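The values are calculated or read from the model by the stated rules, or taken from the named source; none is laboratory data. Since the structure is predicted, the reported quantities are computational estimates derived from the model, not experimental observations. A quick note on method: Cβ atoms are made from the backbone with ideal geometry, for glycine too, and the neighbour counts reach across all protein chains shown.
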Amino acid sequence: MKSAQNMPEPKIHLALTDDWELRGNGSGDMRQIQFNAIRELQRIYNTYGVRSTFNVEVMQQLTHRKRQGEFPELGRLADEWDEHVRDAFKSGQDIQLHVHPQWSDARYEGGRWTLSGDWSLPNYDAETAHEMLSASKKYLEDLLRPVDPAYKVVSFRAGSSSIAPSDFALGLLVRLGLVFDMSIVGGLRVNTRNLSMDYTYCDEDLLPFYPRMDDARKVSEKVEPIVCVPIFHFHLSRAQATRQVLAKMGQKVRGKLANGDKRGAPGDKFAVDEWAEIGRSSRLARLYDKAIKPCLAGKHSVADIGQLDYPGLQAMIAAIRKRGRSTGLAEVPIILTNHSKDIKDFSAIERFVSEASKAADIRFVTLTQLAENLRAGKFPIRTDAGS
Ligand SMILES: [Zn+2]
């Protein structure tokens with residue numbers, strides 16, 4: 001067997017993506033957590049000549065449009081949303097489809113949203129799911145084709161990553177003409193009041209593969225009409241996880257001081273209310289999960305660039321190169337995620353993008369470029385034929 005050192009240095013096709021949206025329960029100020037964030041990311045990407053992709057959540061926008069007759073302020077926000085998406089697209093960024101189905105049952109009262117729809121796409125019936133996805137896709141194509149008549153939605157990112165298992169979700173993407181799905185994150189497991197899913201065991205967590213049509217966690221035995229490309233994940237060492245925990249605690253304290261009370265920043269409250277693991281609702285259990293366990297054992301980390309500090313981003317790139325080399329392939333596509341609504345400090349991302357843009361083995365690609373390359377057969381797409 002060849003040792004890793006003798007393996008050729010692969011060219012990494014790195015797709016930066018961002019789930020661009022309000023918080024999962026509909027809270028947050030769009031101008032602050034979406035519009036400011038997309039402007040700042042665009043500034044960074046334009047500075048270093050990098051093209052990325054914004055996975056814009058469209059059910060939120062459709063809901064704003066639906067209610068704008070009663071509430072003119074929602075129409076103004078929706079108009080600004082359109083402008084920001086169009087501006088990003090005009091400046092060379094890609095726009096692709098992200099859908100949070102909980103917006104399908106939304107109430108607006110006193111300037112606040114209450115979302116009662118189920119968070120998980122597989123929990124809907126196939127026709128309702130089709131209506132949501134096709135209306136969202138149409139909205140994006142109607143918005144962007146006046147800028148570029150060739151614009152197409154080619155990829156899908158499910159809200160909260162929830163796509164598998166489902167006997168219809170992947171078929172729906174095929175029906176809509178999409179090239180690939182990017183909802184699978186190897187090792188991710190969630191069990192909260194809003195969501196339950198388990199990606200602990202995924203057949204393929206790195207490279208493009210043909211999924212079994214009823215369960216994207218499994219590789220199909222044959223070529224299928226859609227491809228899955230996982231989001232990268234890696235193991236953050238104990239030292240790095242400890243540093244991240246301390247930094248987050250510092251951020252929390254500063255948030256509380258800035259808010260002048262004990263409740264902390266709105267994002268902190270959202271995380272506790274909506275993302276607490278079932279059975280881990282006591283403060284002590286949460287403290288153990290979030291602060292103590294990672295310091296003892298390191299932690300599974302999704303390649304979410306807004307959640308990582310600069311050393312965390314360096315560890316992520318090292319993990320990408322290591323796993324890329326281990327494939328023995330000359331070219332390896334890698335997708336990173338981001339949730340710009342949560343970014344408190346853009347400087348780590350800027351430093352990371354600046355350095356990666358100069359690296360000889362990294363080429364930034366949009367999801368549209370990734371789809372073209374998949375179609376052109378540039379990357380092998382795994383099947384489990386004969387296994
Ligand atoms: Zn999302």
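Test Arg217 against the stated conditions and say whether it is of a type in the set (Lys, Arg), away from the ligand (no atom under 16 Å from the Cβ) and under 18 Å from the mean Cα position of the chain (by Cα). Yes: the conditions hold for Arg217. In summary, Gly69 fulfils each of the numbered conditions (1) away from the ligand (no atom under 16 Å from the Cβ); (2) in contact (Cβ under 8 Å) with a residue 24 or more places away in the chain; (3) over 17 Å from the mean Cα position of the chain (by Cα); (4) not in a helix (DSSP H, G or I) with the single exception of condition (2).
Every listed requirement among (1) under 18 Å from Arg243 (Cβ atoms); (2) crowded, with 22+ Cβ neighbours inside 10 Å is met by Pro311 save one, (2). I need the full set of residues from the range 342-373 which are of a type outside the set (Val, Ile, Thr), within 18 Å of Leu313 (Cα to Cα) and within 16 Å of the ligand (Cβ to nearest atom), in order please. Correct list: Asp342 only.
Figure legend. Inter-residue proximity from the range 51-64: first residues more than 26 Å from Gln369 (Cα to Cα), second residues within 14 Å of the ligand (Cβ to nearest atom) and assigned to a helix (DSSP H, G or I), beta-carbon distance below 7 Å, spacing 6+ or different chains. Indicated pairs: Gln60/Trp103; Leu62/Ser136; Thr63/Trp103.
Based on what the data block shows, is Ile278 out of contact with any helix residue (DSSP H, G or I) (no Cβ under 9 Å at 6 or more places or on another chain), more than 19 Å from Thr17 (Cα to Cα) and modelled with pLDDT under 80? Taking the combined requirement at face value, the residue satisfies it.
Within the range 188-209, if we keep just the residues that are surrounded by fewer than 17 Cβ atoms within 10 Å (Cβ to Cβ) and over 19 Å from Asn123 (Cβ atoms), the residue that is farthest from the ligand (Cβ to nearest atom) turns out to be Tyr201.
A residue that is of a type in the set (D, E, K, R), in a loop (DSSP other than H, G, I, E, B) and modelled with pLDDT under 95 occurs nowhere in the range 204-225.
None of Ser155, Ser162, Ser104, Ser91 is within 15 Å of the ligand (Cβ to nearest atom) and either over 29 Å from Leu41 (Cα atoms) or surrounded by fewer than 22 Cβ atoms within 10 Å (Cβ to Cβ) (or both) except Ser104. If you scan the range 72-97, which residues turn out to be of a type in the set (A, V, I, L, M, F, W, C) and in a helix (DSSP H, G or I)? Matches in the range 72-97: Leu74, Leu77, Ala78, Trp81, Val85, Ala88, Phe89. Inspection of the range 45-65 identifies at least one residue that is within 15 Å of the ligand (Cβ to nearest atom), assigned to a helix (DSSP H, G or I) and closer than 22 Å to Val174 by Cβ.
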